[in-house]
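Notes follow the structure.
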Amino acid sequence: MDEWKKMTSHDPTAVGEQTPPGLPRAFTFVLATSAAEGFGDMLACTLLPILAVSVLGLGTGFVGLLNSIGLAAFLLLGMPVGMLIDRLRNRRRGMGVATVARCLVLAGLTSSYYAGWLSGATVIGATVVIGLADVAFTTAQGTVIPSVVQTERLKSAYSRLAVVNQTASTAAAATGSLALGFLGMPGMMWASVCSYAESALLQRGIKIDSSLATRGPARRGIGRFRDGFQALHRIPALWALTLSAALTNAGAMLGNTVLPVFLLRDLGIAPAAFAGLGVVSAIGAIIGAAFAPRLSARFGLKTLRSAAAILSVPAVAMAIACQQLPGHELIWLSAQSLAWSFLVSISAVAGAEVLPRSVPSEELATVGSAQRTIALGIMPIAALLGGAVAVLTGPVPLLCVWALLAGAAALPIVRAHSLKTYR
């Protein structure tokens, strides 16, 4: 979902060229720092609710607030941060500042835990800083990748990045449980601090040619804010991908909101089995990210993204109808988790290079932030509305809406004729 770089001088049909093997050394450090960041992020996301509930004795309302802050940061602060990143000549520094901020906040939170100063306000403050830093890191990284990877290799680069991110998050989920069990809360907290510190060190290996560095225009304020969305809307391929991603994400958030209730409460699925579905989902995401470039090169971006959206409907339907289908419910729920994550991962990776091929480098962060504001900003809204409606209707109608939104994500892709030139 994060995509980037400068205007290419290639003809659009060049998008279908095969990606040559091998990626530059600087990108290896991008992958390494992204893995460290993903590991730290997952530990932090797991840690904060545990601190709130187990240490401070706070309830579900507080945890819901924690969960919404990160997504709200992309909705409310994505554009201002993108405009700021575009003003930097060396945008790798944006990554570094975000990483150091998270490292210091987690270290401060750990100190508060030892000193007995931990409070709800402290946890909220840490969550806000982590959310803001996540926006800054994601935005800056999106502009750095096209600066170190050749245009014709971007498709392969984004695929590897998605695989690394998903693998790191999965490993962190397992490691976090072990750290919590063997080392206790302090061990898990220090592990997150060390992850961010490692990321900061690895970023020193990301070398960017200073002669290629450009700064965005000095125009600021509402005019500059508006320019990002206008530029996004003027490029049909980008606009179609953005709308499609927004529909997919809205459906996904409805599913994330009501599916746990449906499985744990209505179907009586054991918590351990529910957690196991998360592992299956992660496997599907990794496979999808790995195969996306090859499938896109073979079928074309337009066909692949449309097919992924349409096939998402029966994938979600397996969860809705798991009680009516033959065999144990967990078989169909596992198939649903695997298929959904596989298809969504393909959609997230396929076409990731369209933005950097379509937007000048000096406006990349701003336009990319506009895209994320729409595609990710819809998620907290969908979660809040879905949770409220599910109280009145129950989870099953919302699961059906999830399937409809997933299928509707094909419509913007089908209507965008310019996507035919991309593979």
Would you confirm, using the coordinates I've provided, whether residue 383 is in a helix (DSSP H, G or I), open to solvent by 30 Å² or more (accessible area, probe 1.4 Å) and farther than 21 Å from residue 300 by Cβ? no
Return yes when residue 66 is at pLDDT 70 or above, more than 23 Å from residue 358 (Cα to Cα), of a type outside the set (Ser, Thr, Tyr) and crowded, with 18+ Cβ neighbours inside 10 Å and no when it is not. yes
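Would you pick out the residues in the range 290-304 that are of a type outside the set (A, V, I, L, M, F, W, C) and open to solvent by 50 Å² or more (accessible area, probe 1.4 Å)?
Once the filter is applied, which keeps residues that are of a type outside the set (A, V, I, L, M, F, W, C) and open to solvent by 50 Å² or more (accessible area, probe 1.4 Å), the range 290-304 yields 294, 298, 303.
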Write out, first by first residue and then by second, each pair whose Cβ atoms fall under 7 Å of each other, whose residues are 6+ apart or on separate chains, and whose first residue, in the range 85-110, is acidic (Asp, Glu) while the second is open to solvent by 30 Å² or more (accessible area, probe 1.4 Å) and not in a loop (DSSP other than H, G, I, E, B). 86/362; 86/363
How about the range 140-173: which of its residues are open to solvent by less than 10 Å² (accessible area, probe 1.4 Å) and basic (Lys, Arg)? none
If I ask for residues that are farther than 18 Å from residue 318 by Cβ and open to solvent by 30 Å² or more (accessible area, probe 1.4 Å), which ones from the range 250-260 would you list? 257
Quickly run through the range 214-248 and pick out the residues that are at pLDDT 80 or above, open to solvent by 10 Å² or more (accessible area, probe 1.4 Å) and not aliphatic (A, V, I, L, M). 229, 230, 233, 234, 236, 239, 248
In the range 343-390, what residues are hydroxyl-bearing (Ser, Thr, Tyr) and under 15 Å from the mean Cα position of the chain (by Cα)? 345, 347, 369, 373
Name the residues in the range 394-421 that are farther than 21 Å from residue 341 by Cα and modelled with pLDDT under 85, would you? 394, 417, 418, 419, 420, 421
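The values are calculated or read from the model by the stated rules, or taken from the named source; none is laboratory data. Please read all numbers here as calculations on a predicted model, not as lab measurements. Backbone-built Cβ (ideal geometry, glycine too); neighbour counts: all protein chains shown. Note: areas computed on protein heavy atoms with side chains; ligands, DNA, RNA excluded. Shrake-Rupley method; radii C 1.70, N 1.55, O 1.52, S 1.80 Å.
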